[in-house]
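Inspection log for the structure reproduced underneath, given as structure tokens.
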Amino acid sequence: MKLNIIPRTFHFRQPAGTSRGVYTLRKSWMLELTDASSSCKGIGECAPLPALSQEDSPHYEDTLREICRHFERLDGTPQERLDRMTNLLRPYPSMLFGLETAVLHFVRGSVRLFDTPFSRGEESIPINGLVWMGNRDEMYRRMEEKLAKGFHCIKFKIGAIDFDSEIALIRDIRQRFGPQDIEIRTDANGAFSEADALWKLDELARYDIHSIEQPIRQHQWEAMARIAAASPIPVALDEDLIGVNSPAMKAELLDTVRPAYIILKPSLHGGMAGTREWIALARQRNIGSWITSALESNVGLSAVAQLAADVYGPGIQMPQGLGTGQLFTDNIPMPVLLEGSELWMR
Ligand SMILES: [Mg+2]
């Protein structure tokens, strides 16, 4: 059994601005699983996010190569080898996710990784439209593009321009569209200080905001707990989940902060196994969740979407964050297709 690594670089159509910098290139590593006794092939994508993944390091590819050699040396079926490595790979979520995808693809002999209505192409998943940071005019224009495409749930990255401009933008939107027309989600990516967070959330709350992701920086569990308890807008954790890998620590984070939602990116938050574990722990605590992609190519996006359908479906109502398929000029062709605000496997 061979597990090859194929490095890839993808090019953004437009530079993607986040609070952690601007991306123009996206590097990822494809894993290709083959076996002499079979004509099947399994492809998975390992896509750590620069400056955000705990795995981001100049030695990423060396570590990935060691993991591949370890997988090759084990005995048993691909699934048995993966099962024996899953615990070991908890600190390497993007590598685990790539391996899980490659094994599923190989074992099923199809890019339909799960037996769900979504993977069979019978139903779609609603997704939110993402408006990247920019100046007020750019953000307004991008929002209008999303509305024209039929999106009802729009997520704004906030915290880059000054807060007054962001509030003015959201006020303008709400003057035209009520909460029945547009659900507004916000993501501060940790941009607020603890001292400012609550008054900013009070301001935002005047405009019927569905949720705020990561109002303050991660690793401040007690401060985040105070904000989550007092916030008029439901608080969602994203970056705070990074590096929290053991079930006990996951439970401790959820019990300490008591967020309304957690947002799961398999490439960052434990691969498929770790994502399922987070969702089970959240459900036990009445904490909601949704799944989002993390700037993977279509190989990763397809796997993330199929995982979401397997975990939450059939009949997913809550928009998921899977709208990143159009970002690259040189994406890999896969049967994931965005029609309006609905993602399909066709
Ligand atoms: Mg986020």
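The values are calculated or read from the model by the stated rules, or taken from the named source; none is laboratory data. All values reported here derive from a predicted model rather than from experimental measurement. Virtual Cβ from ideal backbone geometry, glycine too; neighbours counted across all protein chains shown.
Could you tell me whether ALA248 is without any contact (Cβ under 8 Å) to a residue 40 or more places away in the chain and small (Gly, Ala, Ser)? Yes, satisfied.
Taking every residue in the stretch 298-315 that is closer than 17 Å to SER267 by Cα and at pLDDT 95 or above and pairing it with any residue that is part of a helix (DSSP H, G or I) and among the β-branched types (Val, Ile, Thr), at least 6 positions away or on another chain, the pairs with Cβ-Cβ distances below 6 Å are ALA303/THR101; VAL311/ILE279. Residues of the stretch 256-292 being in a helix (DSSP H, G or I) and either in contact (Cβ under 8 Å) with a residue 40 or more places away in the chain or closer than 19 Å to GLU45 by Cβ (or both), which ones? Listed by number, the residues that qualify are GLY271, MET272, ALA273, GLY274, THR275, ARG276.
Summed over the stretch 14-34, residues that are part of a loop (DSSP other than H, G, I, E, B) and surrounded by fewer than 15 Cβ atoms within 10 Å (Cβ to Cβ) total 1.
This table checks each residue for (1) touching a residue at least 12 places away in the same chain (Cβ under 8 Å); (2) assigned to a helix (DSSP H, G or I); (3) hydroxyl-bearing (Ser, Thr, Tyr).
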| residue | (1), (2), (3) |
| --- | --- |
| PRO91 | yes, no, no |
| GLY98 | yes, yes, no |
| VAL103 | yes, yes, no |
| PHE106 | yes, yes, no |
| PRO126 | yes, no, no |
| MET139 | yes, yes, no |
| GLU144 | no, yes, no |
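Note on the stretch 147-165: among residues that are without any contact (Cβ under 8 Å) to a residue 24 or more places away in the chain and not in a loop (DSSP other than H, G, I, E, B), the one that is nearest to the chain's Cα centre (by Cα) is ALA148. Filtering the stretch 211-223 to residues that are touching a Ser or Thr at 6+ places or on another chain (Cβ under 8 Å) and within 16 Å of the ligand (Cβ to nearest atom) leaves SER211, ILE212, GLU213, PRO215, ILE216. Would you say PHE114 is in contact with a helix residue (DSSP H, G or I) (Cβ under 8 Å, 6 or more places away or on another chain), not charged (D, E, K, R) and not in a loop (DSSP other than H, G, I, E, B)? Considered against the rule, which asks whether it is in contact with a helix residue (DSSP H, G or I) (Cβ under 8 Å, 6 or more places away or on another chain), not charged (D, E, K, R) and not in a loop (DSSP other than H, G, I, E, B), PHE114 comes out as no. Checking each residue in the stretch 43-64 for being touching a strand residue (DSSP E or B) at 6+ places or on another chain (Cβ under 7 Å), surrounded by 15 or more Cβ atoms within 10 Å (Cβ to Cβ) and in a helix (DSSP H, G or I) picks out only LEU64. Of the residues that sit in the stretch 228-242 and are crowded, with 18+ Cβ neighbours inside 10 Å and more than 15 Å from the ligand (Cβ to nearest atom), which one is farthest from HIS269 (Cα to Cα)? That would be SER231. Here LEU253 does not qualify as modelled with pLDDT of 95 or more, touching a Ser or Thr at 6+ places or on another chain (Cβ under 7 Å) and part of a helix (DSSP H, G or I).
ARG346 meets the stated requirement of being away from the ligand (no atom under 16 Å from the Cβ), closer than 24 Å to ILE43 by Cβ and basic (Lys, Arg).
Looking only at residues in the stretch 155-200 that are β-branched (Val, Ile, Thr) and at pLDDT below 95, the one that is nearest to the ligand (Cβ to nearest atom) is ILE158.
Considering the conditions (1) outside any helix (DSSP H, G or I); (2) touching a residue at least 40 places away in the same chain (Cβ under 8 Å); (3) buried (at least 24 other Cβ atoms within 10 Å of the Cβ), LEU295 is excluded by exactly one of them, (3). The combined condition, being assigned by TED's automatic domain parsing to the domain that holds ASN298 and assigned to a helix (DSSP H, G or I), is not fulfilled by GLU80.
Among all residues of the stretch 327-346, there is at least one that is touching a Gly at 6+ places or on another chain (Cβ under 9 Å) and free of Cβ contacts under 8 Å to residues at least 60 places away in the same chain.
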